[in-house]
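One structure is given below, encoded as C-alpha cells.
The values are calculated or read from the model by the stated rules, or taken from the named source; none is laboratory data. Remember, it's a predicted structure, so these values are computed and weren't measured experimentally. All Cβ positions, even for glycine, are placed from backbone atoms using ideal geometry, and neighbour counts span all protein chains on display.
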Amino acid sequence: MEALMSLIVGVLTACGVYLLLRARTFPVVLGLTLLTYGVNLFLFASGRLTIGAPPIIDTQATQYTDPLPQALVLTAIVISFAMTAFVIMLSLKARAELGNDHVDGRETPGDQP
Amino acid sequence: MTHLVIAPVLLPLLAGILLLLTRPLLPLGVRRGLNLAAVAGQVALAVWLLTLVDGGAILTYNLGHWPAPFGIVLVADRLSVWMLLITALLAFFALLHAVRGTDRGSRHFHTLFQLQLFGLNGAFLTGDLFNLFVFFEVLLLASYGLMVHGGGARRVQAGLHFVVLNLVGSTLFLFAAGTLYGVLGTLNLADLAVKVAALPPENLGPVRAAGLLLLAVFALKAALVPLHLWLPAAYSSTSAPVAALFAIMTKVGAYCLLRVETLIFGAGAGELAGLYADWLWPLGLLTLLLGSLGALAATELRRQVAYLVVVSVGLLLSAFGLATPAGIAAGLYYLVHTTFAAAAFFLLADLIAEERGSLADRLVPGPTVRRVGLLGGLFFFTALLVAGLPPLPGFVGKFLVLRAALETPGWPWVMAVILTSGLLGIIALGRSGSLLFFATQGATNQGDSIPSDSPGKSGGSAWPTLGLLALGLILLAWSGPALEYCAAMADQLLDPQGYIQAVLEPPGAGDER
C-alpha cells in the first residue's frame, strides 16, 4: 500500500508541476489543484498507514491510527479549497481585464498587455 | 498563564468581523475611525507586552488549555513582541494614508486590512509549525485581496503571479511540515528543536530535506534571490498604503528564517547545526547585488523602491546568516529602520505620482511639481535614509552589520558587496531625484489628470509619510536602548533553551493537571 500511495503522490505532484508551468491560467489552476491533492495525500500518509484502526479511544481497539494528520489534512483541504475558489475568480477577472487568458496577459511575448 | 498573549491575535480578528458586519450600517467615516482605533489598540497591546517580556521572560499561552506539545501554543518572547510593535506602528501610518481615499476602491478594504494584521500577528506569536502555515494562509488571503484592491489590468496581472507563486509556496510548506511530522512526530517548534538535537543518523536526510524545503518557502516570502522575481511587479503595481503595509510581509519571511535558524537548526542541533546560516549569507549578498542592479535599471519610482526592498532583505538576511550575536542584533536594528523607511518611500512615491498627473512615477523629465519644496525635501531625506548615509539610522544599521561581519571568515565578501550595493543605491536614487525634481520642463502641472485609482483626492497630506520618517528619527535618537534591546533579543535567540523550557515545561504546569 505504501508503494501505491507514494506512486499516487508522485504522479499527482508531477502532473501538477507540469500543468503549473503552462502558459494559460486554466491549466495553471488545474495544476495547483493537483498539487494540493498530492500534498493532502502526503500529509495523510505522514502519520503512517494503518488499516481498520480507530483514531480515537475505543475499548475494543488493539491499535490506533494517528489522528493528527487527519486533522491537518482537513485543515489543508479547507484552505486549498478556498484558495482554489479565489484563484479561479482572479483568473476570470484577469481574463476580463486583460482580454486573454495568458498568465502574462499577452498572447505573444512581444505584445503589450 | 496570562491571557494577554492572545490579545494581539483576537483584537484584529474581532475588529475585522465587526467592520465586515457593520459595513451596511455605519458610514465610512465611522468605520475608518473604528479601524484606526483597533490598530492603535494593537500598538498599545504591543507596548504592554513589550514591558512584560523586556526582562527576558517568555510568555506562553496554551490554546484550549492543551499542554504543549499536544496543543497549539502561542509564545511571546522579545523577538515576537518587537515584530508585533513594528507591525502595529507601520499599519497605523499606512492606514492613515489609506483613509485619504484609497479605501474607497473596494468595499472590504478595512476588513481585509484587519485580517491581514490578524495573520501577521498570529504568524509572529505562534509556536507551532502547522499553525504558522494557517496564519500564513490568513495573511496571504488578506494580502491577495488588498493587492488587487482598486483593480486595473496591471494590478490584476501582477496579483495573479503573486497568488500562484504563494500557493505553490504553501504547498511546499505542507510537504515540509508533513515530512517533519512523519520523521519527528511533532509540529511544535520547541519540541522540534529537542527532537532534531537528538536525531538518529538514519533520519538526517529527510529532516535536512524538509528543513531546506522550509528555507525555500520562507525565502519566497522574504524575496530572497532567486525567489525575488515576484516582488518588484507586485509592490510597484499595488496601491501605496498596501505597498507600505507589505513592507512588513518580507519581514515575516525573514522572521521565520531567523526563528528556525536559531531555534531548530541552531548550535545545539548536532549534525544539522548551521543548516540555514550556510545558505543565508551567500544568498543574502547575491540578493543585495541583484536588487541594487534592479534599482539602477528601474524606470519607475515605485519599482525602484520595490527593488530597494529587495536590497534591504538581502542586507537583513546576510546579517542574520552571520549567526553571531552581533550580526543578529545589527540585523534586527536594521529591520526596524528598513521597514519604516521603505513604507515611507512607497507613500512618498504615491504623493509624487499624484502631483505629476499622467506622468505618474515614471522616471522621465516632466513639469515642475507643485509643493516641490516639501516633496523634494522629503525625497532627499528618505533617499538618505534608505541609502544608509550618516547620520541616519540606516547608516547605524549598516555600520553595525559591517562591524559584526568583521568577526566572521567571509568578511571580505560581505564588505565588498554591501559597500558596492550602497554606492549603486545612491547612484540610482540620485538619478531619480534629479529626473523628478531638477530636470523639469515648462510650467507647473495644473493637476489635469489624477490617476484613476485615487478618486477625489487632491494635494494629499504628507503627514503619514512624515510620521513614518519621524519613527526613523525616534529610532535614531533612542539608538542606545534600541540596540540594547536588539542585543538582548539576539542573546535570547541564540540560547534556545529558555524558549524550549518556557514552552515545554511552563512553571506551574504540574499542579494544574
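Considering (1) touching a helix residue (DSSP H, G or I) at 6+ places or on another chain (Cβ under 7 Å); (2) in a helix (DSSP H, G or I), the lone condition that B:I6 does not fulfil carries the number (1). Is at least one residue of region B:116-129 touching a helix residue (DSSP H, G or I) at 6+ places or on another chain (Cβ under 8 Å), within 21 Å of A:Y37 (Cα to Cα), in a helix (DSSP H, G or I) and modelled with pLDDT of 90 or more? Yes; the residues of region B:116-129 include at least one that is touching a helix residue (DSSP H, G or I) at 6+ places or on another chain (Cβ under 8 Å), within 21 Å of A:Y37 (Cα to Cα), in a helix (DSSP H, G or I) and modelled with pLDDT of 90 or more.
For region A:47-70, a residue qualifies if it is under 16 Å from the mean Cα position of the chain (by Cα) and small (G, A, S), but none of them does. Taken together, the criteria exclude A:L4 from residues that are among the aliphatic types (A, V, I, L, M), farther than 22 Å from B:F135 by Cα and surrounded by 19 or more Cβ atoms within 10 Å (Cβ to Cβ). Being farther than 18 Å from B:L471 by Cα, under 20 Å from the mean Cα position of the chain (by Cα) and either modelled with pLDDT under 90 or outside any helix (DSSP H, G or I) (or both), is that true of even one residue in region B:88-98? Within region B:88-98, one or more residues are farther than 18 Å from B:L471 by Cα, under 20 Å from the mean Cα position of the chain (by Cα) and either modelled with pLDDT under 90 or outside any helix (DSSP H, G or I) (or both). Might you let me know whether region A:84-103 holds any residue that is surrounded by 12 or more Cβ atoms within 10 Å (Cβ to Cβ), in a loop (DSSP other than H, G, I, E, B) and within 21 Å of the chain's Cα centre (by Cα)? Yes, region A:84-103 contains at least one residue that is surrounded by 12 or more Cβ atoms within 10 Å (Cβ to Cβ), in a loop (DSSP other than H, G, I, E, B) and within 21 Å of the chain's Cα centre (by Cα).
Among helices (runs of 4 or more DSSP H) entirely within region B:150-244, having at least 1 residues that are among the charged types (D, E, K, R), modelled with pLDDT of 90 or more and crowded, with 19+ Cβ neighbours inside 10 Å singles out B:189-197, B:204-222. Taking the criterion of being crowded, with 17+ Cβ neighbours inside 10 Å, more than 9 Å from chain B (Cβ to nearest Cβ) and in a helix (DSSP H, G or I), the only residue of region A:62-83 that qualifies is A:V73.
Going through region B:245-281 one residue at a time, which ones are of a type outside the set (A, V, I, L, M, F, W, C) and not in a helix (DSSP H, G or I)? Full working, then the answer.
From region B:245-281, those of a type outside the set (A, V, I, L, M, F, W, C) are B:250-251, B:253, B:255, B:259, B:261-262, B:266, B:268, B:270-271, B:274, B:276, B:278; that's our starting set.
B:G266, B:G274, B:Y276, listed by residue number.
Sub-7 Å Cβ pairs linking a first residue in region B:184-195 that is within 14 Å of another protein chain (Cβ to nearest Cβ) to a second residue that is part of a strand (DSSP E or B) and at pLDDT 90 or above, at least 6 apart or interchain, are B:L187/B:D128; B:N188/B:V73; B:N188/B:D128, ordered by first then second residue.
Here is a yes/no grid of residues against (1) within 11 Å of chain A (Cβ to nearest Cβ); (2) closer than 23 Å to B:I86 by Cβ:
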position: B:T102; (1), (2): no, yes
position: B:G145; (1), (2): yes, yes
position: B:N166; (1), (2): yes, yes
position: B:L174; (1), (2): yes, no
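Among the residues of region A:1-29, those that are within 12 Å of chain B (Cβ to nearest Cβ), under 13 Å from the mean Cα position of the chain (by Cα) and either over 18 Å from B:T179 (Cβ atoms) or in contact (Cβ under 8 Å) with a residue 60 or more places away in the chain (or both) comprise A:L19, A:L20, A:V28, A:V29.
For region A:84-105, a tally of residues being at pLDDT 90 or above and more than 9 Å from chain B (Cβ to nearest Cβ) returns 4. Go through region B:363-380 and give me each residue that's under 26 Å from B:G422 (Cα atoms), in contact (Cβ under 8 Å) with a residue 60 or more places away in the chain and surrounded by fewer than 18 Cβ atoms within 10 Å (Cβ to Cβ). Residues satisfying the conditions are B:V364, B:P365, B:L374, B:G376.
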